[in-house]
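See structure below.
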Amino acid sequence: MTNHYDIIIIGTGSGGSTMAYKLAPTGKRILILERGGFIPKEKENWDPHEVVTNGRYRPKEDWYDKDDKPFKPFIHYNVGGNSKMYGAALFRFRESDFEEVKHYGGISPQWPLKYDAYENYYEQAEKLYSVHGKRGADPSEPYANAEYPLPPLAYEPLIKDLDGKMKQIGLRPFPLPMGVKLPQDYTATEAPVVLENFDGFPDLTDSKADGQVMCLRPALKNKNVTLMTHAYAERLLTDASGERVSEVLVLINGEKIKFSADIFVVACGAVNSAALFLRSANEMHPAGLANSSDQVGRNLMLHHNGCLVAFTRKKNDCVFQKSLGIADFYHGAGDSEFPLGEIQLMGRNDPDTINWMGETLFPGKSYAELKEMSIDFWLTAEDLPSQNNRVTLRNDGTIKVNYTRTNYTAFLKLKGKLKEIFVKLGELDADYKDVKWGGYDLDVSGMSHQNGTLRFGNDPKTSVLDLNCKTHDLENVYVVDASFFPSCGAFNPALTIAANALRVADHLINEVLKMGSVSKKEVMEVECLCNS
Ligand SMILES: Cc1cc2nc3c(=O)[nH]c(=O)nc-3n(C[C@H](O)[C@H](O)[C@H](O)COP(=O)(O)OP(=O)(O)OC[C@H]3O[C@@H](n4cnc5c(N)ncnc54)[C@H](O)[C@@H]3O)c2cc1C
C-alpha cells in the first residue's frame, strides 16, 4: 500500500510543475516522477562552451529522423524540464491562434476552446511566473483583464536606439514579456541581480522563473508531495477492464518498481508523452494506450525557429539583449496576405557560434570585435499540424520522428522582413547600413518548442484528449504538457502550457476531487510561501 498515491504526475516541465503547484495544497498524496536529476549549481552553468558547444546538460540519447538517421534532440531531462533552460519569454497566444487561420502552407485549425476560456488562466500564470511586460505596446496582443504583474525590463542603450528608430520607420516594437523574479523587483535590501547568459542556460541565481523555482519548490513544502528524481516512467499499466490505468512501471537505479494511483497526469513533453503511451501497448490496447483514434504521436509541430545575426557598425555592448519584440507581421504584411510570424531579440550568441559566423563574413576578426558588431534576433513562424509528422517507436524501443516542414514560406518571408527593416534603419542611421547577415535555422533536432502529439478535441475519432485534457479512452489519465495543442501559433509556448495546466488542475480540484472551496484558500497560502 505504501506505493499507492492519490495522484501521480510524470514529468516536471512547464506543464507538470505547474500542475504540482496547484494540486499540492489539496492535501492529496502526490508523487512526482522525473527521469532526470537536479541540474547542479556549478560554475559551468554559465560557461557557453560547456553548455552550448559541449551540451553539458543535454541527454546523450539518439532519436531517429524520417530516413532513420540518428540525431541528438535539443532537449533537457532534469527537474524543471526544458523550462530550466528556456528564455522565459512568456507570451499569451493571440485570439486568432485559437481560430482557423489560412497560411501559406495550409490551414491552422481552430482550438475547441477559444481565448476567452484561457484569459483568466493566462493572468494566473503571469502572476505565478512573475512576468514583466507592458500591455498595449504589442500590436498583436490579445485583450487582458489585468496589467502585467511587473513592469518591463529596462532597455540597454543599443536597444533604446533600435526601439526609437524602428518606431520612426513605422514599426511597433515592444518589450518582451519576461518571466524573471529579481530581488530588485521586491526589495532595496538585497543585492540586485544582473542577468547575462540566460536563454539556453540554467540560472545560478534562481531569478529565471522556471518550473522548478516557481512551482516545484513551493509545492514540495507540502508534506503530502513527494518528488522522485532519476525515475523513468517506462509503461502505464491498465486494470482488468482496460479502461483505467492502475499503475506505472518505473525504472529507478536499474530496478523496476510499480506505483499505483487513482489519477495519473502525464507531462513528459510532447514527444516523450506520446512515446510513453505507445510503449504502454497491451493486449487490450495493441496500438498503444489512449490510441483508439490512431492519433497518438501524430501532428507533431516544432515551430520554424531560427536565428539571424546582423553585423553592423553600431557598437553593441548589451549584457542582457533579450528584451525587444516585433509582431507587426504576425497576421501578414502589406505584401503578404498570410501570417508571417514574430521576431525577438535573443540572448547574445556564444563565442563559438559567433566565431563560426565570423570566419566567412569577417576573416581575421577576433571574437571581441565580432561581438561588438553583432545584434542577435530569434525568428519564429507557425508550423502546421500534419498526420504524417509523427512520433513512433522503432523495434528497439527508440524514438523515431517522421517530420517534414510545413509552411516554411512564412519563415523565409519573415527573414526577408527583418532584412528589409535594416535597409530602412540604414537610411536613418549609417551605422545600420550594409549589414552582413549570419545565422542558422533549427532542423528536426531543434525540439525546444515541440507540441501537438496528443491533441485535444471534442471528437474521440480525431483527437486523443477531451476538453479537460483527459484521454478519451481512459477514465483517469490526463495530459498537461505541450502535446495537447491542436495548432501552435508562432509565439513561444510555455505560458500557454502553464495556463492550460492551471485550467486542468481547476477541473481536477473542482469536478474530480470535489474540493473547490478548500483548495482555493490553501492555494493562496502556498502562493504566500512562494513569495516570502
Ligand atoms: C533553450 C530553450 C529556450 C526556450 N525558450 C523559451 C521561451 O523563451 N519561452 C517559451 O515560452 N518557451 C521556451 N522554450 C520552450 C519551453 O521550455 C517548453 O515549451 C516547455 O518547457 C515545455 O514544457 P512541457 O511541460 O511540455 O515539457 P518539458 O519541459 O520537456 O518537460 C518534460 C519533463 O518530463 C520528463 N520526462 C520525460 N519523459 C519521462 C519519463 N518517461 N519518465 C519521467 N519523466 C520524464 C523530462 O525529463 C522533463 O523534465 C525554450 C526551450 C529551450 C530548450
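The values are calculated or read from the model by the stated rules, or taken from the named source; none is laboratory data. If you're wondering where the values come from, they're calculated on a predicted model, not measured in any experiment. Neighbour counts are summed over all protein chains in view; Cβ atoms, including those assigned to glycine, are modelled from backbone coordinates with ideal geometry. These accessible areas exclude ligands, DNA and RNA; they are computed on the full protein's heavy atoms, side chains included. Shrake-Rupley method; radii C 1.70, N 1.55, O 1.52, S 1.80 Å.
Observations, loosely collected:
- The VAL512 and ASP352 beta-carbon pair, evaluated with R₀ = 56 Å, returns a calculated FRET efficiency of approximately 0.70.
- For segment 272-412, the spread of Cα positions along each principal axis, largest first, Å: 65, 39, 26
- Relative packing of 130-139, 180-189, which averages over residues the other C-beta atoms within 10 Å, highest first: 130-139, 180-189
- Mean ellipticity per residue at 222 nm, deg cm²/dmol - from DSSP H runs of n ≥ 4 across the chain, formula -39500 (n - 2.57): -7000 deg cm²/dmol
- Of all DSSP bridge pairs formed entirely within segment 1-152, close to 45 percent run antiparallel.
- Once the 1.4 Å probe is applied to the protein heavy atoms, the chain comes out at 39 Å² accessible per residue.
- log10 of Debye I(q)/I(0), alpha-carbon scatterers only, for the chain at 0.11, 0.13 Å⁻¹: -0.95, -1.34
- Of all beta bridges that DSSP places with both ends in the chain, some 70 percent have antiparallel geometry.
- Charge tally in the Cβ shell below 15 Å around LYS256, where Lys, Arg are +1 and Asp, Glu are -1, LYS256 excluded: +1
- Chain lengthening between ASN120 and ARG29 when straightened (0.36 nm per residue, less Cα-Cα): 30.0 nm
- Expressed in units of 2.2 N^0.38 Å, where N is the residue count, the Cα radius of gyration of segment 1-121 is 1.40.
- Share antiparallel - DSSP beta bridges, segment 131-257, percent rounded to 5: 95 percent
- A Förster radius of 56 Å, combined with the Cβ-Cβ distance separating LYS167 from ALA240, puts the computed FRET efficiency at roughly 0.25.
- Estimated dipole of the chain in Debye, rounded to 20 [Cβ of Lys and Arg +1, of Asp and Glu -1, Cα centre]: 260 debye
- Helical segments meeting 27 Å axial Cα length and Kyte-Doolittle -1.0 threshold in the chain (DSSP H): 408-428
- Compared with the alpha-carbon gap, the fully stretched path from GLN387 to ASP335 is longer by 15.7 nm at 0.36 nm per residue.
- Note on segment 74-198: the alpha carbon radius of gyration divided by the globular reference 2.2 N^0.38 Å gives 1.24.
- Taking the Cα atoms of segment 192-346, the ratio Rg/Rh between the radius of gyration and the Kirkwood radius comes to 1.10.
- Cα convex hull, segment 149-220: 133 Å³ per residue, rounded to a whole number.
- Spacing of the two label points (7 Å from each Cα toward its C-beta) at GLU99 and ASP6, in nm: 4.2 nm
- Extension gain from SER445 to ALA281, taking 0.36 nm per residue of separation minus the Cα-Cα distance: 56.4 nm
- Computed with every protein chain present, the accessible area of CYS268 is close to 40 Å² [probe 1.4 Å].
- Label point distance in nm, ALA188-GLU369, each placed 7 Å from Cα along Cα→Cβ: 4.6 nm
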